[in-house]
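Worksheet: the structure to be examined is printed underneath.
Derivation of every value follows stated rules applied to the coordinates shown; laboratory data play no part. Here the structure is a predicted model, which is why all the values come from computation and not from measurement. Here the Cβ is made from the backbone with ideal geometry for all residues, glycine too, and neighbour counts use every protein chain on show.
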2 protein chains.
Amino acid sequence: MVTIYDIATKANVSPMTVSRVINKSGKVSEATRTKVEDAIHELNYIPNTSARYLTSKKSKILSLVITDITNPFFTKVARGAEDKAKQMGYSLLLCNTDEDINKESDYINMLVSTGVDGVLITPSQDKSKKNLRTLNKYNIPFILLDRKIDGIECDSVHGDSQEGTRKILEHLIDKGHRKIAIINGPLDVSTARERQKAYMETLRTYNLPVHEELILQSNYKNKDTNSDLSKLLSVQLEKRPTAIFAANNFIAINTIKELRKQNIRVPEDISVVCFDDLDPSIDLNPFLTVVAQPAYHFGFTGAQMLIERIEKTAPPDFRKIVLPSKLIVRNSSASAHI
Amino acid sequence: MVTIYDIATKANVSPMTVSRVINKSGKVSEATRTKVEDAIHELNYIPNTSARYLTSKKSKILSLVITDITNPFFTKVARGAEDKAKQMGYSLLLCNTDEDINKESDYINMLVSTGVDGVLITPSQDKSKKNLRTLNKYNIPFILLDRKIDGIECDSVHGDSQEGTRKILEHLIDKGHRKIAIINGPLDVSTARERQKAYMETLRTYNLPVHEELILQSNYKNKDTNSDLSKLLSVQLEKRPTAIFAANNFIAINTIKELRKQNIRVPEDISVVCFDDLDPSIDLNPFLTVVAQPAYHFGFTGAQMLIERIEKTAPPDFRKIVLPSKLIVRNSSASAHI
DNA sequence: CTGTTAGCGCGTTCAT
DNA sequence: ATGAACGCGCTAACAG
């Protein structure tokens with residue numbers, strides 16, 4: 001392994017001078033600088049991040065803690081974060097929590113152990129607060145992505161669940177739907193709470209009744225867990241929904257699969273819409289009506305704010321970025337027919 | 001920061017003993033072990049990976065170097081790799097090269113600098129050989145994923161391009177197609193070469209002529225670059241293809257988009273099929289006929305082999321795993337009608 | 001079974 | 001503008 005000592009010898013200077021050249025810190029004369037740089041190239045020197053970390057406490061590593069890279073929303077978040085990280089000279093560690101608080105805690109420990117400079121995190125649930133406190137304790141800055149945690153002060157990038165929910169429900173209401181069910185994520189996740197609240201508010205705004213039977217709980221994972229769906233469909237016909245609002249894309253997919261198993265057609269028999277888009281093939285066969293969020297920007301902007309925080313170029317006050325969502329009407333939603 | 005010295009003091013032992021407990025190395029009496037473990041928990045000690053690396057040269061970090069996490073194939077590869085890495089106590093650094101050799105070289109330097117224990121890499125092109133040599137030079141084991149590089153000895157996980165191509169072409173031939181075009185990736189990527197070779201062989205097997213005009217070059221990226229497509233469609237009618245085999249999913253998507261712009265219907269006017277599946281929404285509206293590869297297993301198996309290599313539990317001979325692909329017939333391919 | 005010594009590669013601090 | 005000494009947190013090698 002080539003060290004600064006090797007190139008110091010080669011360039012006839014002290015290791016300290018080499019260090020200064022590498023880090024562009026302190027004053028070095030033009031002459032010695034080029035001498036050192038030549039030696040660096042000749043010997044193919046690559047600095048050792050670990051050694052550097054030990055004294056400087058900077059690893060140049062960020063981490064992205066999300067629930068599942070397989071969800072197209074997070075895939076794009078990851079790409080955005082990685083692009084910005086690379087651009088700024090940082091690496092990105094990927095962590096999938098699967099909405100599991102224990103997995104998340106494991107990862108947080110790993111990240112502390114690794115000495116990452118900062119973390120972009122979509123907390124798995126409200127309990128994640130303890131993990132954020134751990135990061136605080138070790139002075140590791142973090143950005144909250146997509147989900148909020150009460151009582152935590154930090155920079156964040158969120159979507160507008162309230163606005164998005166309203167938009168997509170108005171679309172359904174426009175289409176004549178009056179009995180709209182929601183299949184939500186778990187209520188210990190902020191987005192699910194916000195979407196449920198907005199769901200109820202919007203219905204009230206349009207003088208539509210809120211039926212308890214039409215509010216279902218599921219989870220955000222890519223796993224069939226819609227056993228409740230049968231209940232929903234078995235309610236007396238007058239109350240049976242003509243449309244379903246799924247709180248995220250995975251829920252929508254599972255719901256539609258389940259409906260089809262039961263020979264219920266979408267959108268002829270029931271409309272299904274959701275939060276978050278599906279990529280990249282969705283244009284080929286436009287089907288699911290969604291409220292899309294600018295996922296790439298979640299990651300990109302989040303990484304940018306994080307790096308600014310790390311490098312102390314951020315404004316002292318924490319920034320809360322709210323990114324707009326966009327209604328995309330496709331074919332899974334049709335006019336109400338009952 | 002809590003160090004082994006702190007817990008050594010607390011437990012009334014030497015730092016070395018603490019180290020032994022943490023690493024389960026050497027002999028430690030049951031009594032002192034528990035004493036030390038208690039202290040570790042009380043003080044909430046988390047080992048410092050960098051310090052550990054400096055002496056042991058083990059970072060417990062792997063890297064996944066792929067072309068684009070946004071491609072559903074690689075999304076799943078990443079998930080598989082991350083799952084296995086986590087299970088074995090490793091972290092995963094994500095690198096997107098965008099098929100760009102310079103980006104790839106940048107990343108390789110970063111990885112050396114970071115001191116990753118091993119790399120899973122889909123080389124961007126044949127020129128990547130120099131980057132693999134760099135890894136060799138620094139004794140960083142790596143696994144080749146999906147693409148081969150001549151003259152490099154290492155473990156690898158590949159799909160069967162020959163078999164897959166044959167299967168999907170036979171499907172088209174069964175449907176009565178005799179003029180089948182290929183829109184391929186760049187020929188400095190092994191999979192593109194193999195698919196082209198298999199394309200020609202299969203046509204010959206079935207006594208079908210190979211027309212130069214029906215062989216197009218594109219790239220594997222998610223970017224519209226099918227300007228050649230017009231040429232393909234403007235050839236005299238007898239030679240005009242009734243089906244297109246796209247060498248990957250992104251090419252297929254771009255091709256279909258372009259066809260639609262020109263008001264050419266798929267599959268009524270022309271069939272389009274490709275290598276690699278689209279997830280996770282594809283089941284909702286089954287459209288693209290593909291040869292799917294077990295992407296998750298690429299990553300999972302690759303990570304497993306890599307870790308075995310790192311931890312010296314791998315067999316001395318390099319392993320070449322070939323994973324089977326599977327034809328999935330959907331609606332983008334129909335019977336030939338001309 | 002346990003402890004001591006030394007050094008990994010680098011940057012900080014203080015000199016010169 | 002440049003250098004020397006020290007220590008970051010940990011483990012390998014050796015002693016006891």
Shortest-first nm distances, B:T205 label point to equivalent points in other copies (7 Å, Cα→Cβ) | 6.0
7 Å along Cα→Cβ, label-point gaps from A:K129 to other copies, nm, shortest first | 5.9
Please report the relative contact order for chain A, taking Cα pairs under 8 Å with a sequence separation of at least 6, and give it as a percent rounded to a whole number.
-> 19
Relative contact order (percent, whole number), region A:161-293, Cα cutoff 8 Å, 6+ residue spacing = 27
GNM, chain A, Cα, under 10 Å: largest mean-square fluctuation among A:P315, A:P15, A:P209?
-> A:P15
Which residue fluctuates the most in chain B, going by a Gaussian network model with Cα springs under 10 Å, if the choices are B:F298, B:F287, B:F250?
-> B:F287
Mean other chain Cβ within 10 Å across A:252-260 is 2
Which of B:L120, B:L135, B:L284 moves the most in a Gaussian network model of chain B with Cα springs under 10 Å?
-> B:L284
How would you classify the protein assembly as shown from its alpha-carbon gyration tensor, with a ≥ b ≥ c the square roots of the eigenvalues: rounded for a/c under 1.5, else prolate if a/b is greater than b/c, otherwise oblate?
-> oblate
Per residue of B:70-78, other chain Cβ atoms within 10 Å number on average 4
Set of lysines with alpha-carbon distance to B:K27 below 23 Å, sequence-local pairs under 8 removed | B:K10, B:K35, B:K57, B:K58, B:K312
Summed over the other residues with a beta carbon less than 12 angstrom from that of A:R133, with K and R at +1 and D and E at -1, the charge totals +3
Excluding residues fewer than 8 positions from A:K221 in its own chain, the lysines with Cα under 16 Å of it are A:K103, A:K257, B:K76
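What is the mean number of Cβ atoms from other protein chains located within 10 Å of the Cβ atom of each residue in peptide A:85-93, rounded to a whole number?
Values: counts 1, 7, 0, 0, 2, 1, 11, 5, 7.
Counting Cβ atoms of other protein chains within 10 Å of each residue's Cβ and averaging gives 4.
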Show which aspartates and glutamates lie in cross-link reach of A:K231 when reach means a straight Cα distance below 18 angstrom and same-chain residues fewer than eight apart are skipped.
-> A:E212, A:E213, A:E258, A:D269
Got a sec to turn the phi values of region A:143-153 into Karplus ³J(HN,Hα) couplings, 6.51 cos²θ - 1.76 cosθ + 1.60 with θ = phi - 60°, whole Hz, x for Gly and Pro?
-> 10, 7, 10, 6, 10, 9, 10, 4, x, 10, 8
Mean Cβ neighbour count within 10 Å, used as a protection proxy, ranking B:64-77, A:257-270 highest first = B:64-77, A:257-270
Label-point separation (nm) for B:D6 and B:N331, each offset 7 Å from Cα along Cα-to-Cβ?
-> 6.2
Among beta bridges assigned by DSSP with both residues in the protein assembly as shown, the antiparallel ones amount in percent, to the nearest 5, to 10
With B:V21 itself left out, Lys, Arg at +1 and Asp, Glu at -1 over residues whose Cβ is under 12 Å from its Cβ give +2
Nearest-20 debye value, chain B charge dipole, Cβ charges on Lys, Arg, Asp, Glu = 480
A:T3 label points, 7 Å along Cα→Cβ, one per copy: pairwise distances from this copy to the rest in nm, shortest first?
-> 1.8
